[in-house]
1. For the range 172-245 and the range 69-93, compute the distance between their C-alpha centroids and round to whole Å.
2. Please list, or write none, the lysines whose alpha carbon is within less than 26 Å of the alpha carbon of LYS99, excluding same-chain residues fewer than 8 places away.
3. Can you list the HN-Hα couplings for the range 163-168, worked out from phi with the Karplus curve (6.51, -1.76, 1.60; θ = phi - 60°), rounded to whole Hz and with x for Gly and Pro?
4. Quick one: length gained pulling GLN64 to THR131 fully straight, 0.36 nm per residue minus the C-alpha distance?
5. Based on the Cβ-Cβ distance from LEU196 to ARG43, what FRET efficiency comes out when R0 is 45 Å, to the nearest 0.05?
6. Let me check something: with ligands and nucleic acids excluded, how do PHE236, PHE100, PHE87 order by accessible area (1.4 Å probe), largest to smallest?
7. With r as the distance between the Cβ atoms of LYS207 and VAL235 and R0 = 35 Å, compute the FRET efficiency 1/(1 + (r/R0)^6) and round to 0.05.
8. Mind listing the phi-derived Karplus ³J(HN,Hα) values for the range 115-128, rounded to whole Hz, using 6.51, -1.76 and 1.60 with θ = phi - 60°, and x for any glycine or proline?
Amino acid sequence: LAVTWSAASAEAFRSYVIVIGGMLLVTAQVGLIAALLGERVKRRRAEESSQTNDERYRSVVNTQSELICRFLPDTTLTFANDAYCRFWNVTRGELLGRKFIERIPPQARDVVLERIVTLRSGINSHEHEVTLADGTVGWQHWINHAIVDSYGRLVELQGVGRDITDQKRAEEAIRGLQARNSAMLRAIPDLMFVILSDGTYVDCHVKDASLLHMPASGVIGNKIRDIMPPDLADVFMGALDRSSQ
């Protein structure tokens, strides 16, 4: 009887162990499935968040008046905002995958490429020439910064630029005007000064240096009241004020 009971008990124990093992296995499987589902939910939320952030980024940059683009170290464009497309009068599809270095005159390319190669982190700012849609040469000012991964490796670069062609042309016109004025001054045999409305000397021409009590270089940048006696300076400043009214 004792042996029969022991065998029955052992069989019952084995059955109990099998049942418990099955329950543990089911519990583990349920936990694994729950973990997988949770991970899938997290991943989907992360993807949705990333998509939302990307859409928000594109919405913001596409409303900017500045030219904004992203590009690889070899200048291949990966993103261009609406202002960038409008400036070149082309579609985004015609820009992406192309190298913007092709829109820079050959003589200016090496400097631009050198700045990109050396920008492994941080920000740099520079101006360079561009070949405009009508074939003429223009100018742009760019602020570029590097985008790196978690290991600090350069992934791509982002640039924010603006067209400064009119500014450069105006500066060139002013330089030309100043050169012509200087040539006219040098052609006049008499003593000649160019003075701003506040009495500052900006140019001086004299055939006979003995007419001045100081070198011409010492006059430019100073004001009438710095050089002349007070009474005489008052007369000159009064005449200058009347002529500028």
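1. Computed from Cα coordinates, the inter-centre distance equals 50 Å.
2. Correct list for LYS99: LYS168.
3. The phi angles translate into 7, 10, 4, 4, 4, 5 Hz.
4. Numbers: separation 67, 0.36 × 67 = 24.12 nm, distance 2.27 nm.
Answer, rounded to one decimal: 21.8 nm.
5. Details: r = 68 Å, r/R0 = 1.51.
FRET efficiency, LEU196 to ARG43: 0.10.
6. Values: PHE236 95, PHE100 30, PHE87 60 Å².
Ranked list, largest accessible area first: PHE236, PHE87, PHE100.
7. Numbers: r = 25 Å, r/R0 = 0.70.
The formula returns an efficiency of 0.90 here.
8. After applying 6.51 cos²θ - 1.76 cosθ + 1.60, I find 5, 5, 4, 7, 8, 8, 6, x, 9, 9, 9, 7, 10, 7 Hz.
The values are calculated or read from the model by the stated rules, or taken from the named source; none is laboratory data. Being a predicted model, the structure only gives us computed values, none of them experimental. Every residue, glycine as well, gets a Cβ built from its backbone with ideal geometry; the counts of neighbours run over all protein chains shown. Accessible surface is based on the protein model in full, side chains and every heavy atom, while ligands, DNA and RNA are left aside. Shrake-Rupley method; radii C 1.70, N 1.55, O 1.52, S 1.80 Å.
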